[in-house]
Amino acid sequence: MSYRKKTWFEKLADSEKYPKILILEKGFPCYNAVHSMGAEAGDPIVLVNPSEVVALMKKVPAGKLTTIIEICKSLAKKHGVKGCCSLTAGIFTMTAANAVEEAKGENKDLGIPYWRTLKSDGFLNEKYPGGLEAHKALLEKEEFTVTKRGKKYQVANYQAFLFPLDE
C-alpha cells in the first residue's frame, strides 16, 4: 500500500467531528489565548471546521485586516460559547495560505486573501508561504506599514484596519 501525502487543499476539508464544544480546562493547549478573550476554566469553547475560518478570511477586503483573535471572537459568538481554540484556528489560516499558493501552481484562485489575516497583536505569520518576508511584501503591496519588532514583524496601528467580521 502506498501512502500519498494530502495536498494543502485536501487538508482544508471539514471533519464530521466538528464543530465541537468543549469545556475549557487549565492546561488546554490554547488556554492562555482563550482566557485572554475572556473565557475562564469551566466555560464552553468551540473547535471549528476549516471552512468556518476560511469563510471569515474571505470576508476581509483590500485595505482591511483581521487577526486570529478576531476570527475566534466571531466564531465563539456564532456558536454561543465563550471562546474558540485559537491554536486550531491558526492552523487553519496557515493551511488556507498554503492551499492558496498550491492552487496558484495549478492556475486556480481560491479567493482567500490570507495575508490580511494576522496573528494576535498584529504580528505577521512566519508559517505563511515564503515566511515573514513574503507576508510582509504582500501587506506592503496593499500599502500597510510593517515594522520590525525584534525577530518579528507587526503591522503598524493594525487595530485601525480591523474589519468587523460580524456584519
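Backbone amide hydrogens, once placed in the peptide plane, bring T67 within less than 5 Å of L118, excluding anything fewer than 5 places away on its chain.
Centre-to-centre separation between the Cα atoms of the range 113-153 and those of the range 34-87: 20 Å. Per-residue Karplus couplings for the range 139-151, computed as 6.51 cos²θ - 1.76 cosθ + 1.60 with θ equal to phi - 60°, are listed in order as 5, 5, 4, 9, 6, 7, 8, 10, 10, 8, 10, x, 8 Hz, Gly and Pro entered as x.
Sort the following peptides by mean Cβ neighbour count (other Cβ atoms within 10 Å, averaged over residues), highest first: 77-83, 15-21.
With the highest mean Cβ count within 10 Å placed first, the list reads 77-83, 15-21.
Computed from phi, the 3J(HN,Hα) profile of the range 7-19 under the Karplus parametrisation 6.51, -1.76, 1.60 (θ = phi - 60°) reads 6, 4, 4, 5, 5, 7, 5, 5, 10, 5, 6, 10, x Hz, with x in place of Gly and Pro.
What is the gain in length, in nm to one decimal, between K152 and A137 on full extension, counting 0.36 nm per residue of separation less the C-alpha to C-alpha distance? Using 0.36 nm per residue and subtracting the Cα-Cα distance, I get 4.0 nm.
Per-residue Karplus couplings for the range 63-71, computed as 6.51 cos²θ - 1.76 cosθ + 1.60 with θ equal to phi - 60°, are listed in order as x, 10, 9, 9, 10, 4, 5, 5, 4 Hz, Gly and Pro entered as x. Under the simplified labelling scheme, the E25-E126 pair shows an inter-label distance of 3.1 nm, with each label point 7 Å from Cα along Cα→Cβ. Among beta bridges from DSSP that stay inside the chain, the antiparallel ones total about 65%. Its Cα centre serving as origin, the range 58-167 has a Cβ charge dipole (Lys and Arg +1, Asp and Glu -1) of approximately 360 debye. Packing-based ranking of 144-153, 46-55 yields 46-55, 144-153, ordered from highest to lowest mean Cβ neighbour count within 10 Å.
Across the chain, the relative contact order, built from alpha-carbon pairs under 8 Å that are at least six residues apart, equals 23 percent. What label, among (1) 9, 31, 40, 18, 2, 0; (2) 11, 41, 33, 14, 1; (3) 10, 38, 35, 15, 2, 0, belongs to P(r) over Cα pairs in 10 Å bins from 0, in percent computed from the structure on display? After the calculation, the listed value that fits is (3). Per residue, the chain exposes 56 Å² of solvent-accessible protein surface, assessed with a 1.4 angstrom probe and all protein chains in place.
The values are calculated or read from the model by the stated rules, or taken from the named source; none is laboratory data. Just so it is clear, the structure is predicted and the values come from calculations on it, not from any experiment. Cβ: placed from backbone, ideal geometry, glycine included. Neighbour counts: every protein chain shown. When the accessible area is computed, the model is the full protein with side chains, heavy atoms only, and any ligands, DNA or RNA have been set aside. Shrake-Rupley method; radii C 1.70, N 1.55, O 1.52, S 1.80 Å.
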